[in-house]
Amino acid sequence: MAWPERTETERLFGDSVPSVPLSSTGNVAPVQGSSLAPLAPPPLQGTSLGFGSADDENTLDEPVWATLKRDVLTIGRNLRSVLIPVNWDFQNHQAALHNWDLWGPLIFMLGLAITLSAGEKKPSDVFALVFTEVALGAVVLTINVILLGGSIVFFQSLCLIGYCLFPIVIAAIVCTLVKLSWVRTLVLVLCLGWASFATIPFIGKTVSSERRALAVYPVLLMYVSIGWLALVKS
Amino acid sequence: MGSPYARTRDNPFADSTLYDVNTTYVPPDLSETVDAVVPAVVPVAGAGAAAHTPAAVPFPAPAPQAAAATPAPPLQFTESNLNTSAVTGQIGRPGTAPAAGGSVPAAGSRPATAPPANTSLPGDPDDPNQYPFWNVRRYRPLFNVDTKDVVWRVGSSFLGPLKPDFMAVTLSSPDLYGPFWVATTLIFVTAVAGNYADFIAFRSQQKAAAAGGDAGSIGERQWYTDYAKMSFSALLFYGYVFGLGLALYFALRWFKSEIKLSNVWCIYGYSLTIFIPMAFVCIVPIGWVRWLVVGLATGMSGLFIVSNLKQTIYDAAPARAVMLLGIIAGLHAAVGLLLRLYFFHYRGAPEVTGSG
């Protein structure tokens, strides 16, 4: 998504430039009567820090559908670039991790929890288990990487781990519909492979090479445990 | 009898008359020294910068040489040759020497009997102690292990009593990666294996009921995975490693041992690794096989803990050592028993060939 290139004054004041000419020679102190003179340093523009880097001032007026559509498109774009790590999409891949968002992970986690808890003897227990495991698991995995000496941005990592749940959501839906154990096993193995293929390069590069296995193993453990929950679903 | 201040720093007892118990005490003659003290202070205040010796001497020595106007006082402060740059003030904590930036060999007060696994932080030069306690990075030294270190430690816990050098190697560089992730893996593995073992028993029960022509009381029951096993096993394993480890640490500290909490957690955590393959073997639905395997695993890991803690306990509390080791072994046997009876014992059906 190309953020529109606008000057700071245009961003802050809409399309009308202030009438008071701002002196750039510096020989005039901010005039008392002028309410426009002391401008605060404008926020960084164009560098995406996740939420809030869009033109917030302009999005207040847009219709709800436009907001939803933009978020859905962001989720779709991030999903594609995270789960299909093909080289021709490299630009978007980097951009996706810079434009991290947590809507996608939240939707996938809720979808997973609801799917896995439907039809169980104690659905609330299963829901709580899945929810806790995914949320705590993502946080603990990120902390694990930091403790091993890796450099990682906390929310980027949460975003990535959350998006990589998508294949497991697919596996869970299939496991709900199909009761044959060999079908379940096959689908699960494929989806786990896909999720690992997406996460492992990212996590592996954040720590030094002697510790790569130490950082990657907990990720695999979490995915396998969630996959097992799907496999034994009744 | 010379003035006590004339002693050199090398041997404070050089003037033996001061400490000789057989001489009668003769108070020092202060009539001469009292006047000398006062004028020694004044020229320091007056002479200012001239009286200050160059920065290499940390002790501010009032320079008697500057007091040219006053009679030379008998007080002579020799220049100190104490080197303060090596003083860290924190004994035994690796990586806290101010000048050396993290590569100082650890365990200042404890002689390491084996070279520590890895004492320098991986590539980043900042001292983890600069972070406040709520910052995760402060605890990096506890996770300062490479893959090969973890593999070695896991292997050592498997070999257990055959080669009890775990404590010696990890004394100065314990890690918490192993304990936490082994416990977490074990939680998952026992839940999986326990549920699968129950499922096998359930199936055989179903088949027996169907073959025996039962109307359908058992045959129509549906299998539900027991998710409570996961929460119970989380409580059990985290509680055993971290809770019991903490209690043992307090007990050892009460006996004035110098062991660190992370050492205790490290040993307890790695001792659980042998239960992971044990859990998979216990899926076999034969009663005596399960008992045998659980007994073997509990014995080996218990011996691992005991043989590695033996030295520490004997050092700290020689009189009570046997009792303490007995308690540790007993608690470990209790954990093994709990594993066998809770995770691998299906209450709906008896196991094949006997004892359940």
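The values are calculated or read from the model by the stated rules, or taken from the named source; none is laboratory data. All values derive from a computational prediction rather than experimental measurement. Backbone-built Cβ (ideal geometry, glycine too); neighbour counts: all protein chains shown. Ligands, DNA and RNA are excluded from the accessible area calculation, which covers all protein heavy atoms including side chains. Shrake-Rupley method; radii C 1.70, N 1.55, O 1.52, S 1.80 Å.
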In the neighborhood of B:Met230, defined by Cβ-to-Cβ distances under 12 Å, what is the net charge if each Lys or Arg adds +1 and each Asp or Glu adds -1?
-2
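What total accessible surface area, summed over both chains, is buried at the interface between chains A and B, computed with a 1.4 Å probe and given in Å² to the nearest 100? Don't skip to the end; give the middle numbers.
Values: alone 14030 and 21040 Å², together 32490 Å².
By this definition, chains A and B bury close to 2600 Å².
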Give me the count of lysine pairs in segment A:65-233 whose alpha carbons sit under 20 angstrom apart, restricted to pairs 8 or more positions apart or on different chains.
5
Inter-chain shielding metric for A:112-124, i.e. average beta-carbon neighbours from other chains within 10 angstrom, reads 1
Using the charge dipole of segment B:124-209 (Lys, Arg: +1 at Cβ; Asp, Glu: -1 at Cβ; taken about the Cα centre), state which of B:Ile187, B:Trp134, B:Asn144 has its Cα farthest towards the positive end.
B:Ile187
Note: segment A:141-234 at 10 °C, 1.306 mPa s; Kirkwood Rh on alpha carbon pairs; Stokes-Einstein D in µm²/s works out to 115
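Fully extended, how many nm does the chain gain between B:Phe133 and B:Trp288 (0.36 nm per residue separation, minus their Cα-Cα distance)?
Details: separation 155, 0.36 × 155 = 55.80 nm, distance 5.00 nm.
The B:Phe133-B:Trp288 span can extend by a further 50.8 nm.
What is the average number of partner chain Cβ atoms found within 10 Å of a Cβ in B:170-177?
Mean inter-chain Cβ contacts per residue within 10 Å come to 1.
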Over the Cα atoms of segment A:65-233, what Rg and Dmax result, in angstrom?
15.9, 49
With +1 on each Lys and Arg Cβ and -1 on each Asp and Glu Cβ, how big is the dipole of segment A:65-233 about its Cα centre, in debye rounded to the nearest 20?
240
Quick one: if you stick a label point 7 Å off each Cα along the C-beta vector at B:Val26 and B:Tyr314, how many nm between them?
5.6
Lys/Arg Cβ at +1, Asp/Glu Cβ at -1, dipole of segment A:65-233 taken about the Cα centre: which of A:Leu220, A:Leu186, A:Cys159 is farthest positive-ward?
A:Leu186
Let me know the mean shielding of A:221-234 by other chains, meaning the per-residue number of their Cβ atoms within 10 Å of its Cβ.
3
Cβ-derived FRET efficiency at R0 30 Å, A:Val64 paired with A:Leu186, nearest 0.05:
0.10
